[in-house]
1. So which pairs qualify, if the first residue must be in the stretch 42-61 and acidic (D, E) and assigned to a helix (DSSP H, G or I), the second must be at pLDDT below 80 and open to solvent by 90 Å² or more (accessible area, probe 1.4 Å), the Cβ gap must be under 8 Å, and the two must be at least 6 apart or on different chains?
2. Which of the numbered conditions does V133 fail, given that it passes all the others? Conditions: (1) within 17 Å of R174 (Cβ to Cβ); (2) open to solvent by 50 Å² or more (accessible area, probe 1.4 Å); (3) touching a His at 6+ places or on another chain (Cβ under 8 Å).
3. Inside the stretch 116-148, can you point out the residues that are assigned to a loop (DSSP other than H, G, I, E, B) and modelled with pLDDT under 85?
4. Criterion first (surrounded by 14 or more Cβ atoms within 10 Å (Cβ to Cβ) and touching a Gly at 6+ places or on another chain (Cβ under 6 Å)) does A70 satisfy it?
5. Condition test on A86, is it among the hydrophobic types (A, V, I, L, M, F, W, C) and open to solvent by 60 Å² or more (accessible area, probe 1.4 Å)?
6. Only one of these is exposed (fewer than 14 other Cβ atoms within 10 Å of the Cβ) and on the phi > 0 side of the Ramachandran plot: R113, R80. Name it.
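The values are calculated or read from the model by the stated rules, or taken from the named source; none is laboratory data. For clarity, every value in this text was computed on a predicted model and none was experimentally measured. Cβ sites come from the backbone with ideal geometry, for glycine too, and all protein chains shown count toward neighbours. Surface accessibility is based on the protein's heavy atoms, side chains included, excluding ligands, DNA and RNA. Shrake-Rupley method; radii C 1.70, N 1.55, O 1.52, S 1.80 Å.
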Amino acid sequence: MNAAGRPPGMYMADTGFRREEEKDSARRVEGPGRARQPAIACPQARVVTVCDREGDFRELLSDAGTTGAALLVRASRGTRRRVAAAPGESTDLFGHVPETQTPGRRKIAVPARGGPNRRKGRTAKLTLRCVPVDLMPPQDRAGEAPLRMIAVSAREEGRPRRAAAGRRKAPADRMLPTTGGQADLETARMAVR
């Protein structure tokens, strides 16, 4: 993205997901490797592989950590990701990061959406947090070392509004582990952008 937050182009998009379920995760792990090609061709540019929640799995995160490939993933609550809290202890990623110092705030436009989950467009005021974390391995891989990443939390604070049917509208809330940048406000803003 340029300084205005707009992408100048896209190198590759893999839209053939879920054709072969057993190859889906392998295709995602190959993404950061493919991203190294434009990074070599354009050394002045910063190339980042961006994944939605389906990319939140250990092999992808581990590969990016060992190869130095820049990666940004939207964390999935379903993975129940744990982080090192103290020697021999761990805590939930989604519970740990919001308890840390608040580096800043940002407003974003939440676009209108139709369909069964329709919503009106609005402006969300987000609280940003950005901290280094050590992601613990899953229980079936207890011997592996934790992965060092930067966790960016972008959370709409305050009580959510009520929908017409009496249901609460969910506030904007994203957890974005990344391998790029420092634990600072600029990294948080870049991840949200």
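1. Close Cβ pairs (under 8 Å, with a partner that is at pLDDT below 80 and open to solvent by 90 Å² or more (accessible area, probe 1.4 Å)) amount to E54/F17.
2. Condition not satisfied by V133: (2).
3. Listed by number, the residues that qualify are N117, R118, P138, A142, G143, E144.
4. Taking the combined requirement at face value, the residue satisfies it.
5. No: the conditions fail for A86.
6. Step by step, each of R113, R80 is checked, and only R80 is exposed (fewer than 14 other Cβ atoms within 10 Å of the Cβ) and on the phi > 0 side of the Ramachandran plot.
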